Every structure is written in C-alpha cells, then in structure tokens.
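Only one structure is covered here, and it is reproduced in the block below.
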Amino acid sequence: MNKYIISLSIIIFAIISCNNNSSEAENENSGDLFSNRKITFKKLELFEEGVTYTNSYSITNIGVKFSPPINSIKLSDEEKENIISQTGYGKDLFYTDSIFIDEKVKITCLAAYMKKDETSLDNFINFVKSMKDGNNFTEEYYIINGKKNIQFKINMNNTTYIFFTIFESVNDNYFILNYTFPVSYLEDSMVRIANSLSSVKF
C-alpha cells in the first residue's frame with residue numbers, strides 16, 4: 001500500500017505545482033454559480049441497472065452517504081494525514097474526510113467538504129480553474145439526486161485526469177468529490193466515477 005500512497009502524493013504534488021505555475025490563473029469572482037439563473041443545470045441520470053452500492057460510506061458531519069469507486073480501499077487516517085501534510089492539498093480550502101484508492105485501476109477518490117460562507121465557493125472554483133491550460137478543461141452543470149452539481153474535468157499533460165465535482169450546500173456545507181486517474185484508464189474510470197456519483201445521497 002505504501003507505494004500507492006507515494007504515487008498519490010506525487011500526483012497531488014504535480015497538481016499543486018501545475019496550479020502554482022499556471023499562467024491561466026483566474027482571480028475574478030465566480031459568483032454563486034448554484035443560484036445563477038443564467039446557468040441551466042441538466043438532470044443527470046447515472047444509475048446503471050444491476051449496480052448495488054455495498055460499500056456505502058457515511059460522512060456524518062454533513063449528513064451525506066456515498067460509495068467510492070468499486071474495489072477502492074479506504075486509507076487509514078494516518079495515511080490520509082501523511083499525504084495532506086506532505087502536499088498541503090486542499091488544506092486551506094476544504095476538510096478532507098477520507099481518501100480511497102483502487103490499486104488495480106489506479107483511480108483515487110478524495111471525499112471532502114467545506115463550510116458555506118461568502119468566499120469559500122469562489123476560492124474553491126478559482127483554485128480549480130487555475131489548473132486550466134488551453135483546451136484541457138471542461139466545466140459542466142448537472143442535477144444529481146435532486147442536488148445541483150458542478151463538474152470540472154482537467155487533463156494534466158495528457159497523463160492524468162483530475163475530476164472535481166462539488167454539490168450545492170447541504171447543512172451549510174458543500175460536499176466535494178475529487179477523482180484522479182490515468183488517461184489510459186479513461187473509459188473504465190468514468191464508468192466507476194459515474195456509479196460513485198449516482199450513489200450520493202443527502
């Protein structure tokens with residue numbers, strides 16, 4: 001397991017480095033996108049018949065349940081804190097509740113949340129948008145299980161995809177899922193991510 005923790009740390013460090021060095025960083029305020037009437041949130045049906053969510057995980061602090069990608073293993077609190085302390089990833093933006101890893105497909109899932117206030121959503125979205133570099137970035141708006149959801153997909157140097165998704169506030173908190181996976185596992189990973197997103201219940 002240690003080599004996968006090291007690999008995850010390297011991926012996250014690379015993300016942070018690209019973020020810090022990006023010339024495309026956007027500092028303007030994004031506004032409250034969830035209440036922006038100019039944005040159409042399309043209903044997204046992700047449920048795949050026959051899929052059962054046997055590995056449901058509860059984040060009791062904000063009243064959310066979800067299933068990480070199938071076959072994922074939850075890192076211990078010590079392993080999670082070790083990654084955060086090494087990389088500082090999201091430390092000033094959100095609280096990382098848990099990190100999951102699928103050693104075979106090399107997909108990671110970070111589950112986090114942040115308090116809703118006047119700046120938290122703007123800060124988070126500006127952080128994500130600062131990673132964009134040319135045509136490597138997509139931003140989409142959906143409704144999943146009755147909750148509005150913003151999705152960002154970023155291709156990092158055509159080797160790794162970063163997929164951020166943030167749900168509108170529940171219990172005064174935004175729920176965040178961050179998936180990373182190799183470009184070579186795009187199709188398989190997106191199926192697993194879709195099933196994971198469809199499992200989210202508030």
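The values are calculated or read from the model by the stated rules, or taken from the named source; none is laboratory data. Just so it is clear, the structure is predicted and the values come from calculations on it, not from any experiment. Note: ideal-geometry Cβ built from the backbone for every residue, glycine included; neighbour counts use all protein chains shown. The area values use the complete protein model at the heavy-atom level, side chains included, leaving out ligands, DNA and RNA. Shrake-Rupley method; radii C 1.70, N 1.55, O 1.52, S 1.80 Å.
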> What pairs come up if the first residue lies in region 173-200 and is under 24 Å from K91 (Cα atoms), the second is in a helix (DSSP H, G or I) and open to solvent by 30 Å² or more (accessible area, probe 1.4 Å), and their beta carbons are under 8 Å apart, counting only those six or more places apart or on different chains?
Replying inline: T180/I11
>> I need the full set of residues from region 134-176 which are open to solvent by less than 10 Å² (accessible area, probe 1.4 Å), in contact with a helix residue (DSSP H, G or I) (Cβ under 7 Å, 6 or more places away or on another chain) and of a type in the set (S, T, N, Q), in order please.
In response: T165
> Is it fair to say T159 is closer than 24 Å to T60 by Cα, touching a residue at least 24 places away in the same chain (Cβ under 8 Å) and among the β-branched types (V, I, T)?
Replying inline: no
>> For the list (1) touching an Asp or Glu at 6+ places or on another chain (Cβ under 9 Å); (2) buried (at least 18 other Cβ atoms within 10 Å of the Cβ); (3) at pLDDT below 85; (4) not small (G, A, S), I need the number of the one condition that I107 fails.
In response: (3)
> Within the group Y89, Y113, which residue is in contact (Cβ under 8 Å) with a residue 12 or more places away in the chain, touching a strand residue (DSSP E or B) at 6+ places or on another chain (Cβ under 6 Å) and buried (at least 18 other Cβ atoms within 10 Å of the Cβ)?
Replying inline: Y113
> Here are I62, I83, I99: which of them is in a helix (DSSP H, G or I) and either β-branched (V, I, T) or crowded, with 18+ Cβ neighbours inside 10 Å (or both)?
Replying inline: I83
